1. Being assigned to a loop (DSSP other than H, G, I, E, B) and either surrounded by 17 or more Cβ atoms within 10 Å (Cβ to Cβ) or modelled with pLDDT under 85 (or both) is the requirement here; does residue 16 meet it?
2. Just name the residue that is farthest from the chain's Cα centre (by Cα) out of those in region 28-47 that are buried (at least 17 other Cβ atoms within 10 Å of the Cβ) and farther than 16 Å from residue 11 by Cα.
3. Is it the case, given these coordinates, that residue 56 is at pLDDT below 85 and either in a strand (DSSP E or B) or under 10 Å from the mean Cα position of the chain (by Cα) (or both)?
């Protein structure tokens, strides 16, 4: 499979929250092959730090333990994580 190329200014940063390493690796690989730049965190305690570091366009959470964040919201809403 060949990764999709995006011009540098069109790189879309994604923050992916997933506590299962196998699932995280699978989705990260798929998203990267589609041209996204992906940062993965294992739990919602790491979301704000990772969001500040990576400046994602959006965050996607796929874990049952993600109870304190609205991880499907754009980054400004991530500030409501507690």
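1. So residue 16 does not fit the description; no.
2. 44
3. Answer is yes for this residue.
The values are calculated or read from the model by the stated rules, or taken from the named source; none is laboratory data. The structure presented is a predicted model; accordingly, all values stated were derived computationally and were not measured. A quick note on method: Cβ atoms are made from the backbone with ideal geometry, for glycine too, and the neighbour counts reach across all protein chains shown.
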